[in-house]
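Undergrad: So that we are looking at the same thing, I have put the structure below in C-alpha cells.
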Amino acid sequence: MSGSYDDSVGVEVSSDSFWEVGNYKRTVKRIDDGHRLCNDLMNCIHERARIEKVYAQQLTEWAKRWKQLVEKGPQYGTVERAWCAFMSEAEKVSELHLEVKGSLMNEDFEKIKNWQKEAFHKQMMGGFKETKEAEDGFRKAQKPWAKKLKEVEAAKKAYHAACKEEKLAISRETNSKADPALNPEQLKKLQDKVERSKQDVLKTKEKYEKSLKELDNATPQYMENMEQVFEQCQQFEEKRLRFFREVLLEVQKHLDLSNVASYKSIYRELEQNIKSADAVEDLRWFRANQGPGMSMNWPQFEDDEWSADLNRTLSRREKKKASDGVTLTGINQTGDQVSQPNKHSSVSSYEKNQSYPTDWSDEESNNPFSSTDANGDTNPFDEDTSPAMEVRVRALYDYEGQEQDELSFKAGDELTKMENEDEQGWCKGRLDNGQVGLYPANYVEPIQ
C-alpha cells in the first residue's frame with residue numbers, strides 16, 4: 001500500500017469543504033492568482049496613465065484652438081481676457097495631468113513590477129516556486145489521512161455489498177420454502193448461503209468500523225498539518241494584500257489634484273480673472289475706439305491747388321466707389337484714444353464705404369490723382385494692383401453681405417482669397433460657386 005500514491009484517485013469528494021481531499025488546490029491557486037492580479041493592476045494603472053496623457057493633449061489642443069478663435073473674434077476688453085483665462089487654465093491643468101501620468105508610470109507601475117519580481121520566483125519547468133512549495137506542503141500533510149480515507153471508503157463499500165448479498169440470500173431461502181419442487185438438499189444449500197452471508201456482514205462491518213476509527217484517530221494530526229501549510233499561504237497572501245493597499249493609496253494621492261497647491265492656485269487665478277471682467281470698462285473702451293468717442297476731422301474748405309503735403313491716396317476700394325461719391329483727402333487723425341491691445345473687429349458697411357455727394361468728386365479730367373497722367377504713365381500714388389497669389393481660406397464666423405459686391409458665407413465655409421487685405425481690412429475672394437466679391441479679412445483664416 002506504500003507505493004506511489006495519487007490522492008485524486010478512488011476518493012469521492014462529498015462536499016466543498018477545505019478538508020476534503022484535493023480542495024486545498026483553491027488555496028494554492030490563490031498564489032498564481034496573486035501574480036496575475038499584479039499584472040492586472042499594472043495594466044489598470046497603465047491605461048489610466050494613457051488616459052491622463054490623452055486628456056492633457058486634448059486640453060492643450062482645445063486651448064490653442066479657442067485662444068486663436070477668441071483673439072480673432074469680435075469679443076474685446078476685459079471679458080475677452082476673462083474668456084482667454086479658461087484657455088490658460090486648460091494649459092496649466094494639462095501640465096498637471098502630464099505629471100500625474102508620469103507619477104503613475106514611473107512610480108506606481110514600477111513599484112508593482114519590482115514587488116512582483118521579488119515575491120514570485122519562476123521555475124525552469126514553469127510555474128512559481130511559491131506555488132510548488134504550497135502544493136507539496138498540502139500533499140504531504142494530506143497524504144496519510146487521504147490514504148486512510150481511501151481504506152474507509154473501500155471497507156464501507158465491502159460492508160454494503162455484504163449486506164446486500166445477505167438480504168438476497170434470505171429472500172431466496174424464504175421463497176424456496178414455499179416451492180414444493182425443491183428437494184431438501186437444495187434447500188440446505190440456500191440455508192448455508194444465508195449463514196455465510198451473515199458472517200460476511202459481521203466481518204466487513206468489523207473491518208469498516210476499525211478503519212473508520214483509525215481515520216478518526218488520524219484526523220487531529222491531519223488538521224494540524226493542513227493548518228500549518230494553510231497559515232504559510234495566508235502570510236504570503238497577507239503581504240500581497242497589504243502591498244496592494246499601499247500602492248492604491250499612492251495612486252489615489254497622485255490622482256487627487258485637489259490637494260496639489262498649484263492646482264488650487266490655477267482656479268483662484270481663473271476666478272480672479274473672471275471677476276475682473278468689467279462691462280462698464282469695456283463699454284467705455286468701445287465708445288472711445290469704435291464709437292462716438294473717436295476723433296474726427298470734419299470737412300473743411302480746401303483750395304484747389306496742388307499740395308505736396310497730401311498724404312493720402314485712393315485705395316482700390318475707394319476708387320471702386322468713386323461713382324457714388326468722393327473720399328476726402330488730407331484727413332489726419334488727431335487726438336488721444338483709450339489704449340487697448342491690438343484687436344481685429346468687424347468693419348461695418350458704413351465704415352468701409354464712407355462716401356460723400358458726387359459734387360465733391362475728384363474723378364475729373366484735371367484730377368492730379370487720376371490713375372494715368374498726361375504722358376500715359378501710372379500715378380505714383382496708386383497702390384500696387386498686381387494680383388496676389390490665390391490662397392484657400394476658411395470662414396471663422398458667419399457673414400452676411402451688406403452690399404451687392406460683398407460675399408456671404410457661413411462659419412466653416414471655404415473660399416479662395418484673390419487679393420490681399422487692403423487698408424480698410426477687406427479682401428477680394430471667390431466662393432466655390434464662382435461668385436467674386438469682398439469680405440472682411442478677419443472673418444477667415446488660412447487653411448493649413
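Undergrad: Only one of these conditions is not met by Arg242: (1) at pLDDT below 95; (2) open to solvent by 100 Å² or more (accessible area, probe 1.4 Å); (3) closer than 30 Å to Ile112 by Cβ. Which number is it?
TA: Arg242 satisfies every listed condition except (1).
Undergrad: Here is a follow-up. Which condition number in (1) under 30 Å from Asn106 (Cβ atoms); (2) open to solvent by 40 Å² or more (accessible area, probe 1.4 Å) is the one that Val247 fails?
TA: Unmet for Val247, out of (1) under 30 Å from Asn106 (Cβ atoms); (2) open to solvent by 40 Å² or more (accessible area, probe 1.4 Å): (2).
Undergrad: When Ser88 is evaluated against the numbered criteria (1) open to solvent by less than 60 Å² (accessible area, probe 1.4 Å); (2) in contact with a strand residue (DSSP E or B) (Cβ under 9 Å, 6 or more places away or on another chain), which criterion, by number, is the only one it fails?
TA: In the conditions (1) open to solvent by less than 60 Å² (accessible area, probe 1.4 Å); (2) in contact with a strand residue (DSSP E or B) (Cβ under 9 Å, 6 or more places away or on another chain), Ser88 misses (2) alone.
Undergrad: A further question follows. Of the conditions (1) within 30 Å of Leu96 (Cα to Cα); (2) modelled with pLDDT under 90; (3) of a type in the set (Gly, Ala, Ser), Ala181 satisfies every one except a single condition; which number is it?
TA: Of (1) within 30 Å of Leu96 (Cα to Cα); (2) modelled with pLDDT under 90; (3) of a type in the set (Gly, Ala, Ser), only one is false for Ala181: (1).
Undergrad: State all residues of region 212-251 that are more than 47 Å from the chain's Cα centre (by Cα) and among the aliphatic types (A, V, I, L, M); if no residue qualifies, say none.
TA: Leu212, Leu215, Ala218, Met223, Met226
Undergrad: Okay, moving on. Is it the case, given these coordinates, that Arg196 is surrounded by 12 or more Cβ atoms within 10 Å (Cβ to Cβ) and either basic (Lys, Arg) or within 21 Å of Phe138 (Cβ to Cβ) (or both)?
TA: Answer is yes for this residue.
Undergrad: Here's a follow-up. When you look at Val444, is it aliphatic (A, V, I, L, M), over 23 Å from Lys67 (Cα atoms) and modelled with pLDDT of 90 or more, yes or no?
TA: no
Undergrad: I would also like to ask the following. Assess whether Gln402 counts as being under 23 Å from Trp66 (Cβ atoms), surrounded by fewer than 17 Cβ atoms within 10 Å (Cβ to Cβ), at pLDDT below 90 and not acidic (Asp, Glu).
TA: No, not satisfied.
Undergrad: If we scan region 175-189, do we find a residue that is in the same structural domain as Tyr222 (by the TED database), open to solvent by less than 70 Å² (accessible area, probe 1.4 Å), over 30 Å from Trp19 (Cβ atoms) and touching a Ser or Thr at 6+ places or on another chain (Cβ under 8 Å)?
TA: Yes; the residues of region 175-189 include at least one that is in the same structural domain as Tyr222 (by the TED database), open to solvent by less than 70 Å² (accessible area, probe 1.4 Å), over 30 Å from Trp19 (Cβ atoms) and touching a Ser or Thr at 6+ places or on another chain (Cβ under 8 Å).
The values are calculated or read from the model by the stated rules, or taken from the named source; none is laboratory data. Because the structure is predicted, anything quoted here is derived from the model rather than measured. As a convention, Cβ positions derive from the backbone with ideal geometry for all residues, glycine included, and neighbour counts pool all protein chains shown. To get the accessible areas, we keep the full protein, side chains included, count just its heavy atoms, and leave off ligands, DNA and RNA. Shrake-Rupley method; radii C 1.70, N 1.55, O 1.52, S 1.80 Å.
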